[in-house]
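Asks: Starting off with a structure, shown below.
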Amino acid sequence: MSTVTIPKVRMSFLNSRRKGDRLVRSFCINTRTLRRRLGLSQTVAAERAGISRQAWSNVERGLSPPNLDTVTRMADALGVEPLDLLT
């Protein structure tokens with residue numbers, strides 16, 4: 001008899017329906033969209049922001065909500081105001 005392993009799924013803010021997560025969801029989507037439009041890799045964007053590529057990736061995928069400092073750094077790296085990424 002074999003056992004079936006169920007993979008653990010991390011809850012993403014992108015899938016959340018809570019009202020407070022809408023800003024985070026917008027930030028994640030807008031950050032990824034703008035980074036791609038600028039033709040930047042996550043590695044280059046993260047270096048510009050002074051954060052790790054993994055941290056950048058986790059924010060874009062909605063796995064880790066960014067704090068205010070990270071929001072500011074990511075916006076600076078993309079050449080926009082933080083508010084532009086939240087709306």
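Asks: Using +1 on the beta carbon of Lys and Arg, -1 on that of Asp and Glu, and nothing else charged, what's the dipole of segment 21-87 about the Cα centre, debye to 20?
Replies: 300
Asks: Once amide H atoms are placed 1.01 Å from N in the peptide plane, what residues at a sequence separation of 5 or more from Leu63, or on another chain, have their amide H within under 5 Å of its amide H?
Replies: Phe13
Asks: With N set to the residue count of segment 37-87, report its C-alpha Rg divided by 2.2 N^0.38 Å to two decimal places.
Replies: 1.01
A short reminder: the numbers here are calculations on the coordinates, not readings from a lab. Please read these numbers as outputs of a predicted model, since none were measured by experiment. Note: ideal-geometry Cβ built from the backbone for every residue, glycine included; neighbour counts use all protein chains shown.
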